[in-house]
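Worksheet: one structure, shown below.
The values are calculated or read from the model by the stated rules, or taken from the named source; none is laboratory data. Keep in mind the model is a prediction, meaning the values are calculated, not measured. As a convention, Cβ positions derive from the backbone with ideal geometry for all residues, glycine included, and neighbour counts pool all protein chains shown. Note: accessible area is taken over every heavy atom of the protein model, side chains too, but ligands, DNA and RNA are not part of it. Shrake-Rupley method; radii C 1.70, N 1.55, O 1.52, S 1.80 Å.
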Amino acid sequence: MEAIFHERQEGSLCAQHCLNNLLQGEYFSPVELSSIAQQLDEEERMRMAEGGLSSEEYRTFLQQPSGNMDDSGFFSIQVISNALKVWGLELILFNSPEYQRLGIDPINERSFICNYKEHWFTVRKLGKQWFNLNSLLTGPELISDTYLALFLAQLQQEGYSIFVVKGDLPDCEADQLLQMIRVQQMQRPKLIGEDTLQARDQRVQKADLEQTLDVSQPFDGPGVLDEDEENFQKALALSRQEIDMEDEEADLRRAIQLSMQGGHRTGFSDACTLNAPRSATTNQSESLTSEELRRRRQAYFEKQQHLHQQCQNPEFHDVPTTSSNALGTDPGGDLSEEDMLQAAMNMSLETVRNSLNTEEKK
């Protein structure tokens, strides 16, 4: 493909690139095309002057810019047609009903010039293969014979004007070489600037992603607990709650034991006293009266009742209410010390069970 002449787009000089890619050489420059355009402008001015130099049409024509070229480098179809006449070439509108009625297969032509919204490019046959020589591409694009008709039809559907180039094109090295060999194209050429545009889009997307991460960092940073750590914290809190309940239960046991030391059941009292340190038992028995022990038991039972009501779940309504009934009674009533101890133990176990079930539900 290196032998194929291919001018790439510079400014708005697509008409120049179209002609040179068609003729396969640097045959036209912007200066030469501007000269042809100025000649066409002068011919049009002379025709308009025939209607009178003072006519409204003539004055309006003089005020209008040139229709054959502009400052950007665009040139009209008239300029291209006159430039090709130098080489004995003629343009016929491929889209016209007259040409379509001829039923000529596009594969039997030699070249086409396509135009859409002030952009010109050439499709030419070199050797035995067709190539899209659009100056907006990074290189020639190979077009198969079967795809040529579809390619032209697609251009027509997109609004392109297509012209068939009639006449003998000048000889060129690429045509002679491709008469003997056929080329294959593994990767189609991209549009000029497409790589740069993709790289810029990637940089913009990367910057947007980094900005999004920066904004979300306060919420997604190390200060936020992940799921495993959150579960660990819940288990730790539950464990601490159980320890507190066990400590309170131990205090209640010791208080009951002390209150029973002065009773008639000396055997049970002595056995319970062995479970506590001698010094602590002696000091507490000396400092605590029966009325104080009763008040402490009352306060403990009220506290446990309040905790039980908070942790209780509706689905546990059918659970036996032994501990609940015990909570509803007066600790200083007719209950014996053993009944009170048993009620306290049942209530503590039920509270722990309800707390565990509630955590599992969450």
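Out of curiosity, is residue 90 in contact with a strand residue (DSSP E or B) (Cβ under 8 Å, 6 or more places away or on another chain) and surrounded by fewer than 16 Cβ atoms within 10 Å (Cβ to Cβ)?
Here the answer is yes, as residue 90 does meet what is asked.
I'm trying to understand the selection: among the residues of the stretch 37-52, which are under 54 Å from the mean Cα position of the chain (by Cα) and either open to solvent by 30 Å² or more (accessible area, probe 1.4 Å) or not aliphatic (A, V, I, L, M) (or both)?
Of everything in the stretch 37-52, those that are under 54 Å from the mean Cα position of the chain (by Cα) and either open to solvent by 30 Å² or more (accessible area, probe 1.4 Å) or not aliphatic (A, V, I, L, M) (or both) turn out to be 38, 41.
Out of the residues in the stretch 166-188 that are among the acidic types (Asp, Glu) and outside any loop (DSSP other than H, G, I, E, B), state the one that is most open to solvent (accessible area, probe 1.4 Å).
Going through the qualifying residues, I end up with 173.
Limited to the stretch 10-35, what total is found for residues that are modelled with pLDDT of 90 or more and surrounded by fewer than 21 Cβ atoms within 10 Å (Cβ to Cβ)? Can you show your working first?
Restricting attention to the stretch 10-35, the residues satisfying the condition of being modelled with pLDDT of 90 or more are 13-35.
Then keep just the ones that are surrounded by fewer than 21 Cβ atoms within 10 Å (Cβ to Cβ); that gives 25-27, 29-32, 34-35.
Residues that pass the stated criteria total 9.
Within the stretch 84-103, can you find the residues that are aliphatic (A, V, I, L, M) and either at pLDDT below 90 or closer than 11 Å to residue 166 by Cβ (or both)?
Of everything in the stretch 84-103, those that are aliphatic (A, V, I, L, M) and either at pLDDT below 90 or closer than 11 Å to residue 166 by Cβ (or both) turn out to be 84, 89, 91, 92, 102.
Only one residue in 112, 163 is buried (at least 18 other Cβ atoms within 10 Å of the Cβ) and closer than 14 Å to residue 20 by Cα, so which one is that?
112
If you go through the stretch 124-132 one residue at a time, do you hit one that is charged (D, E, K, R), part of a loop (DSSP other than H, G, I, E, B) and closer than 25 Å to residue 38 by Cα?
Taking the stretch 124-132 and keeping what is charged (D, E, K, R), we get 124-125, 128.
Next, from what is left, pick out any that are part of a loop (DSSP other than H, G, I, E, B): 128.
Now narrow it down to the ones that are closer than 25 Å to residue 38 by Cα: none.
No.
Could you please find all residues in the stretch 95-116 being charged (D, E, K, R) and part of a loop (DSSP other than H, G, I, E, B)?
Within the stretch 95-116, 105, 109, 110 meet the criteria.
Take the stretch 1-39 and flag every residue that is in contact with a strand residue (DSSP E or B) (Cβ under 7 Å, 6 or more places away or on another chain) and outside any helix (DSSP H, G or I).
The one that is in contact with a strand residue (DSSP E or B) (Cβ under 7 Å, 6 or more places away or on another chain) and outside any helix (DSSP H, G or I): 4.
Filter the stretch 115-152 down to residues that are free of Cβ contacts under 8 Å to residues at least 40 places away in the same chain and in contact with a helix residue (DSSP H, G or I) (Cβ under 7 Å, 6 or more places away or on another chain) and give me whichever is surrounded by the most Cβ atoms within 10 Å (Cβ to Cβ).
Among those residues, the one meeting the criterion is 130.
Are there any pairs with C-beta distances below 7 angstrom linking a residue in the stretch 94-113 that is closer than 23 Å to residue 144 by Cβ to a residue that is assigned to a loop (DSSP other than H, G, I, E, B), with the two at least 6 apart or on different chains, and if so which?
Close Cβ pairs (under 7 Å, with a partner that is assigned to a loop (DSSP other than H, G, I, E, B)) amount to 110/169; 111/169; 112/94.
Could you pull out the residue among 81, 72, 55, 76 that is at pLDDT below 85, open to solvent by less than 70 Å² (accessible area, probe 1.4 Å), under 27 Å from residue 16 (Cβ atoms) and of a type outside the set (Asp, Glu)?
The conditions single out 72.
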